[in-house]
């Protein structure tokens, strides 16, 4: 009987090991989380420098699925120095790079973000234009590292290294919850392999049956600067008009 029990235990261990997902499969699960046909929210962005001085920005944002492309747009509401600025991103379900535009009221024109500018920081925050886009699953090689808890949630830990040697990050490491595949933490490493910044998810809510990250923080380790983002008035599947996502609407505002 002991031999039978031992064999059964070995079989269970073997099945468990073979069932372990690869790094790519884990990231793919996170990448494909349903988010609804459209989402509307008010975004409060707080910028905090090394002296603990803060700047607060209010943003109205919309996103909508259009089959093989997801479109999102942000309209800055306050303060006065950034009011009426807008930013738009189109992410494609293909190898095609994201299209991005920004409207600066002082210039009175919509400017397309070039691929060379994707490493620039967005409106003084700790997020680059690349961070605001949709990183393609096959753009990186993903490696499962280990399992580790974040805020009491069991997570898979995956290392991702870009296939493009010129990419702005040498690697990223992501903690993804095992129960719902929501990302909880992400470390970004610079071109020299040094830790650059850390994205931490502070709050995840389930709204209309969809998981929504409603509070997050990006902290620059090297600059001792952080950007906190909190969402409020979150609405899902309200029928956002397709006309919201155009250069013309960027200049008109909400």
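Assorted remarks:
- Going by neighbour counts of Cβ atoms within 10 Å, the residues 199, 33 line up, fewest first, as 33, 199.
- Simple spin-label estimate for residue 150 and residue 106 gives 3.6 nm between the two label positions (7 Å along the Cα-to-Cβ direction from each Cα).
- GNM result for the chain, Cα springs below 10 Å: residue of 181, 66, 87 fluctuating most strongly: 66
- Panel order for 190, 52, 164, by other beta carbons found within 10 Å of each beta carbon, from fewest to most: 52, 164, 190.
- Once P(r) over Cα pairs in 10 Å bins from 0, in percent is calculated for the structure shown, the corresponding label among (i) 7, 31, 33, 19, 8, 2, 0; (ii) 7, 28, 29, 21, 12, 3, 0; (iii) 6, 26, 36, 21, 6, 3, 2, 0, 0 turns out to be (iii).
- Among 177, 109, 57: highest mean-square fluctuation, GNM of the chain, C-alpha pairs under 10 Å: 109
- Between residue 31 and residue 168, full extension at 0.36 nm per residue minus the direct alpha carbon distance yields a gain of 47.3 nm.
- Residues 116, 68, 134 arranged by fewest to most Cβ contacts within 10 Å: 116, 68, 134
- One decimal place: the segment residue 191-residue 54 gains 46.4 nm when fully extended, by the rule 0.36 nm per residue minus the C-alpha distance.
- Computed label-point distance, nm, for sites residue 180 and residue 81 using a 7 Å Cα→Cβ extension: 3.7
- 14 Å cut-off, amide nitrogen to a point 7 angstrom out along residue 134 Cα→Cβ, residues in region 59-95: 63-73, 89-95
- Relative contact order of region 96-254, defined on C-alpha pairs under 8 angstrom at six or more residues apart (%): 14
- Mean residue ellipticity (222 nm) of the chain, computed from DSSP H runs ≥ 4 via -39,500 (n - 2.57), nearest 500: -4000 deg cm²/dmol
Every number here is computed from the coordinates shown, using simple stated rules; none is lab data. Note that the structure is predicted; figures quoted are calculated from it, not measured. When we count neighbours, we look across all protein chains shown, and the Cβ atoms used for this are built from the backbone with ideal geometry, even at glycine.
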